[in-house]
Amino acid sequence: MDGRKWRVDTAPASHRTLIYHKPEGEVTTRSDPEGRKTVFDRLPRLKGQRWIAIGRLDINTAGLLLLTTDGELAHRMMHPSGQVDREYLCRVRGQVSEDQLQQLRKGVQLDDGPARFSDIVPGEMTGGHAWYTVTIMEGRNREVRRLWEAVGAQVARLKRVRFGPVFLPARVRSGRHEELSASDHRILREDVGLSGEATEACLVPER
């Protein structure tokens, strides 16, 4: 490298994070062999970086999806040790008994281990369906639907409305996105125990 001596140093990294309101029918993958629409189709194009989905939503689930260029933040928010909770609005067919709700609060055995809702808030009954707001501490595949199914209930509609401290704003319509400010990105990092300012390794010449 032109005869000079270089050393590895760190420099502030510039990252972006988006709130995306995922509609039903889109998949959370970069490309789909079946040709279905992906969430990445609607996102701003990047140069030298890429969008990372913080967790996934299955094709039939709508709502809040966070996407970032900050791999460190994505990893920490998705990892169980980060203790980042997720909140969902569920429309469940028929009535659910108090015994079934207690089961879901205490925990049930799924095929990939025990799981439970850390909170369940009943809502109104409409047209033979009951509405519930539920909170989970993990993001296993189809975990919310499988929890309800474990007690014999079936989810008709599912929408994620919160991921950690980030809520889905009413102004962000289905299929639209909104970028978080640099200060909000910093708060997200600090919320999961990272330093507020991301850094990246770089080579600098020694004097």
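The values are calculated or read from the model by the stated rules, or taken from the named source; none is laboratory data. These numbers come from a predicted model, not from an experiment. Cβ: placed from backbone, ideal geometry, glycine included. Neighbour counts: every protein chain shown.
Below is a table of values for the structure above.
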item	result
Inter-residue pairs, beta-carbon under 8 Å, first without any contact (Cβ under 8 Å) to a residue 40 or more places away in the chain and in the stretch 167-179, second surrounded by 12 or more Cβ atoms within 10 Å (Cβ to Cβ) and part of a strand (DSSP E or B), 6+ apart	Arg171/Glu178
Test set (1) at pLDDT below 95; (2) in a strand (DSSP E or B); (3) closer than 22 Å to Ala115 by Cβ - Val84 fails condition number	(2)
Qualifying residues in the stretch 71-100 (those that are of a type in the set (A, V, I, L, M, F, W, C) and in contact (Cβ under 8 Å) with a residue 40 or more places away in the chain) - the one nearest to His21 (Cα to Cα)	Leu89
Residue within the stretch 158-166 that is loosely packed, with under 14 Cβ neighbours inside 10 Å, in contact (Cβ under 8 Å) with a residue 40 or more places away in the chain and out of contact with any Pro (no Cβ under 8 Å at 6 or more places or on another chain) present	no
Looking only at the stretch 69-96, and only at residues there that are assigned by TED's automatic domain parsing to the domain that holds Glu197, over 13 Å from the mean Cα position of the chain (by Cα) and buried (at least 19 other Cβ atoms within 10 Å of the Cβ), the one that is nearest to Gly193 (Cα to Cα)	Asp70
Number of the condition not met by Ala13 [criteria: (1) at pLDDT 95 or above; (2) surrounded by fewer than 17 Cβ atoms within 10 Å (Cβ to Cβ)]	(1)
Residues that are over 13 Å from Glu149 (Cα atoms) and touching a residue at least 40 places away in the same chain (Cβ under 8 Å), drawn from the stretch 101-136	Trp131, Tyr132, Thr133, Val134, Thr135, Ile136
Hits in the stretch 113-135 - residues which are among the polar types (S, T, N, Q) and not in a strand (DSSP E or B)	Ser118
Filter pass, Leu64 being in the same structural domain as Pro169 (by TED's automatic domain parsing), under 30 Å from Trp131 (Cβ atoms) and touching a Lys or Arg at 6+ places or on another chain (Cβ under 7 Å)	yes
Extreme residue, surrounded by the fewest Cβ atoms within 10 Å (Cβ to Cβ), among residues of the stretch 41-59 that are over 23 Å from Ser14 (Cα atoms) and in contact with a strand residue (DSSP E or B) (Cβ under 7 Å, 6 or more places away or on another chain)	Ile59
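Matching residues to (1) more than 18 Å from the chain's Cα centre (by Cα); (2) at pLDDT below 95; (3) under 23 Å from Leu57 (Cα atoms); (4) not β-branched (Val, Ile, Thr):
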{"site": "Gln102", "(1), (2), (3), (4)": "yes, no, no, yes"}
{"site": "Val121", "(1), (2), (3), (4)": "yes, no, yes, no"}
{"site": "His129", "(1), (2), (3), (4)": "yes, yes, yes, yes"}
{"site": "Tyr132", "(1), (2), (3), (4)": "yes, no, yes, yes"}
{"site": "Glu138", "(1), (2), (3), (4)": "no, yes, yes, yes"}
{"site": "Phe167", "(1), (2), (3), (4)": "no, no, yes, yes"}
{"site": "Ser183", "(1), (2), (3), (4)": "yes, yes, no, yes"}
{"site": "Arg189", "(1), (2), (3), (4)": "no, yes, yes, yes"}
